[in-house]
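J.: Take a look at the following structure, please.
No value in this document is a laboratory result; all are computed from the given coordinates. Quantities reported herein were computed from a predicted structural model and do not represent experimental measurements. We place every Cβ from the backbone using ideal geometry, glycine too, and count neighbours over all the protein chains shown.
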Amino acid sequence: MGEQYADVIVDISHEKLDRPFQYRVPERLRGMLEPGACVQVPFGNGNRLIKGYVTELGETCKFDPTRMKDVAGLAEKDVDATDKMVALAAWIRKNYGSTMIQALKTVLPAKQSVKKLEKRYVESGMNREELTALLGESMRKKQTAKVRVLQALLEQETDIPYEWITGKLNVSAATINSLVKAGAIRVRTTEGFRNPVKPVVRANAGESGAGPKRLSDSQRHIVETVLQDMEEGRQKTYLLHGITGSGKTEVYLELVESVIGRGRQAVVLIPEIALTYQTLMRFYRRFGDRVSVMNSTLSPGEKYDQCRRAMEGEIDVIIGPRSALFTPFPNIGLIIMDEEHEGSYKSEGTPKYHARETAMEVARLHGASVVLGSATPSMEAYYRAEEGEYELFSLKERLTGGSLPTVYTVDLREELKQGNRSIFSRKLQELLADRLQKGQQSMLFLNRRGYAGFVSCRACGQVMKCPHCDVSLSEHRDGRLMCHYCGYSEPKPKLCPKCGSKYILGFKAGTQQIEEKLKELFPGVRTLRMDGDTTKTKDSYEKILSSFANEEADVLIGTQMIVKGHDFPKVTLVGVLAADLSLAANDYRAGERTFQLLTQAVGRAGRGELPGEAVIQTYQPEHYAVTFAAAQDYEGFYEEEILYREMGGYPPAAHMLAVQIFAREEEAGAKLAVRLADTVKEGGHQVLGPAPATIGKINDIYRFVFYVKKADYGQLVEIKDGLEKLIFSLQLRQEQVQFDFDPMICL
């Protein structure tokens, strides 16, 4: 056996992660090291031993072998938060396919060159008599700015924030400096952390309802069972299947309080930034400043400071999307994953990890429990609960005592036959008018964004497409056509580029157009719109949701972000305008996604004391995803859907690996895809493809994919490992390969 070499990172900070150092693995350590292992290595001219982490092992020496130093040994250590994060990165690298560097950059807090947050305070440098004398002298000399500072110090008798003096009292820095020189005051500087929890949340948290609510018998049973398992050292994963409005959050709050009482920390995952505000309000009312948030709207300084606050014990609870899972808490006791069925829990970038399985690995490293919650559990979670891998709990009643909404399914084909060309069915128009007259609120849901869909020639059928991506262009309000993949735009042509016809029209079905049509139908109606275009700025989610909660609008119109987890007691009507758009997707999950979206949408109605109604507008009223959603029957849907999955060998009945190839040259990409697929076939495995991806080109990059299905996930990991070795040997320059296990979207 030849020499073995280890790439070792010696400084775990984000900027240094792209430069590991290579060491020789001595014979006594061979077979004992693996990526993620913590080792002692000699470093620098003095050969002092420092701690490092193995990122890769190989037999290729990248530097002069005569100057290569040996790994000194395994590090003796107490396992700390960083060690757990590195072990997690190694697990992600192995199970999802990426380099160790990519995995480390995913899980470690982004160490940024950010300015420390300093807080300055002004305190008295004299006793009260001396200050009073100086105040009198300043008044005689008409030194008004000094008078304001001295009066404030005498009145408050406490340290005063520097910014308050310069801002509220309008005192210049020069005046403050002159008082410092005279010995009248001192300026004290302290280092603090940025707190991303907005003052409006902290202020509102003082409202009534801060204490725990009385739990129902069903809720109490769940809490007591989980806590009993914790007490007896049983680390488990639980699936909480609760209908919309059944009080899952109250269960979460009670469990988090118990975990904090044991001196441990909790991670609360939510799928969308849009849910942060309402979730944060409920947790902040209960736990105050011990709660913080982590999401993509935070500045680099705010993100890094939340990691420092977690490490230094300033906070006990972090709330956020999947990246919040990597908050470096020292001793996590509970991970809650709300709306666990959501596709956003799967990372789109490499490594393509899923937060559900990754949460279970974090829990294993910390000895923690995991609670998954949803009104419409993913097929994977419910399948594992049926198999006994997870413990299943059900909440089947609404906390308010209210019933689920009455649902009307409207066949849009019949509407058209009877002369109604509006995007609103007659039933929906009738119910909207009723709600506006009664002063109640409504929500209109469309599973699309923007002003219009595709633009085509009505004469020859030519669709206007992006020259860089294999997708249609969308028409925007300014008359331009835009690609939502690469950002390309062009003016809308006056004549068809293929046949010269002037009948170039857009199929408009966006949220803006719905808003305009609604205002035509009901003049004076107050509307709010929530979609990808209206939520680009920081805090935009909170502003829209709080405005609607404060009844500043009659109707909230939006894409799927409005139907997830929000609780508005005055909403008594939900309209689903294009129920079956998502059924058209070329994807084995299309039925599941449609059922989940419709069930979640319908569940927004009637969450208060008033009864709710919902209208589902569809061209496929007989589809099982639509009929079971209208009946709010999850078990019925699951039984039908799992049969299709078992027959087709799709997750969760089996596992699936998508191997994705990206290339600048179409021919080179196709050749590489065939080479990789043939290698898998030679191993005796069945392969689907290779073929161009559903969208064959994005931003001038050609995309190919092939799929491998196996009942055993471990076999797919072995196939991935073999392909990684082949890819490394090919030394690709223009092509890139990514692995996606149990893909959420077929490429």
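J.: Using the count of nearby Cβ atoms within 10 Å as a rough guide to exposure, how do 567, 580 rank from fewest to most?
T.: Exposure proxy ranking, most exposed first: 567, 580.
J.: Moving on to the next point. Over the chain, what relative contact order in percent results from Cα pairs under 8 Å that are six or more residues apart?
T.: So the answer I get is 11 percent.
J.: If we count other beta carbons within 10 Å of each Cβ, what is the order of 411, 217, fewest first?
T.: 217, 411
J.: Using helices alone, I'd like the mean residue ellipticity at 222 nm for the chain: each DSSP H run of four-plus residues gives -39500 (n - 2.57), total over residue count, nearest 500.
T.: For the chain, the value works out to -10000 deg cm²/dmol.
J.: Beyond a 30 Å Cα-Cα separation, which of these cross-linked pairs lie in this structure: 236/725; 465/681; 352/681?
T.: 236/725; 465/681
J.: Shifting gears a bit: Placing +1 on the Cβ of each Lys and Arg and -1 on the Cβ of each Asp and Glu in region 117-192, which of 184, 138, 161 has its Cα farthest towards the positive end of the resulting dipole?
T.: Going by the charge dipole, the pick is 138.
J.: At a Förster radius of 41 Å, what calculated FRET efficiency corresponds to the Cβ-Cβ distance of residue 177 and residue 551, to the nearest 0.05?
T.: 0.20
J.: Which of the aspartates and glutamates could be linked to residue 671 by a straight reach, that is with a Cα gap under 18 Å, when you skip same-chain ones fewer than 8 residues away?
T.: 682, 700, 724, 735
J.: Pop a pseudo-label 7 angstrom from the Cα along the beta-carbon direction at both residue 609 and residue 635 and give the gap in nm to one decimal.
T.: 3.3 nm
J.: Now a separate question. For semi-axes √(5λ) of the Cα gyration tensor in Å, one of (1) 80, 24, 21; (2) 75, 27, 19; (3) 45, 41, 29 was computed from the structure I shared and the rest are decoys. Which label?
T.: Only one option fits the structure, namely (3).
J.: Under 14 Å from the Cα of residue 396, which aspartates and glutamates turn up, not counting those fewer than eight places away in the same chain?
T.: Partners within reach: 217, 633, 635.
J.: I want the local charge near residue 95. Using Cβ-Cβ distances under 10 Å, sum +1 for each Lys or Arg and -1 for each Asp or Glu among the other residues.
T.: Computed value for this residue: +1.
J.: A further question on this structure: Calculate, in nm to one decimal, what residue 688 and residue 732 gain on full extension: separation in residues at 0.36 nm each, minus their alpha carbon distance.
T.: Stretched out fully, the residue 688 to residue 732 stretch lengthens by 13.5 nm.
J.: Rounded if a/c is under 1.5, else prolate if a/b is larger than b/c, else oblate: which is region 595-747, with a ≥ b ≥ c the root eigenvalues of its Cα gyration tensor?
T.: The shape class here is prolate.
J.: Would you please give the FRET efficiency between residue 715 and residue 666, computed as 1/(1 + (r/R0)^6) with r the Cβ-Cβ distance and R0 = 25 Å, to the nearest 0.05?
T.: Between residue 715 and residue 666 the formula returns 0.20.
J.: Sticking with this structure for a sec: Sorting 32, 230, 100 on the 10 Å Cβ count, fewest up front, what's the list?
T.: Least crowded to most crowded, the residues run 32, 230, 100.
J.: If the chain between residue 224 and residue 3 were fully stretched, how many nm would it gain, using 0.36 nm times the residue separation less the Cα-Cα distance?
T.: Answer, rounded to one decimal: 74.0 nm.
J.: Taking 0.36 nm per residue of separation and subtracting the Cα-Cα distance, what length does fully extending residue 213 through residue 189 add?
T.: Result: 4.5 nm gained on full extension.
J.: Extending each Cα 7 Å along its Cβ direction at residue 695 and residue 426, get the distance between those two points in nm, one decimal.
T.: 4.0 nm
J.: While we're here: Using the structure shown, select from 213/427; 62/94; 84/119; 94/248; 69/303; 427/570 the pairs with a Cα to Cα distance greater than 27 angstrom.
T.: 213/427; 84/119; 94/248; 69/303, as the Cα separations exceed 27 Å there.
J.: Find the centroid of the Cα atoms in region 598-629 and in region 18-74, then give the distance between the two in whole Å.
T.: 59 Å
J.: If you don't mind, another one. Rounding to the nearest 20 debye, state how big the charge dipole of the chain is about its Cα centre with +1 on each Lys and Arg Cβ and -1 on each Asp and Glu Cβ.
T.: So the magnitude is around 2800 debye.
J.: Determine the dipole magnitude for region 117-192: charges of +1 sit on the beta-carbon of Lys and Arg, -1 on that of Asp and Glu, nothing else is charged, the reference point is the Cα centre, and the result goes in debye to the nearest 20.
T.: The dipole magnitude comes to about 360 debye.
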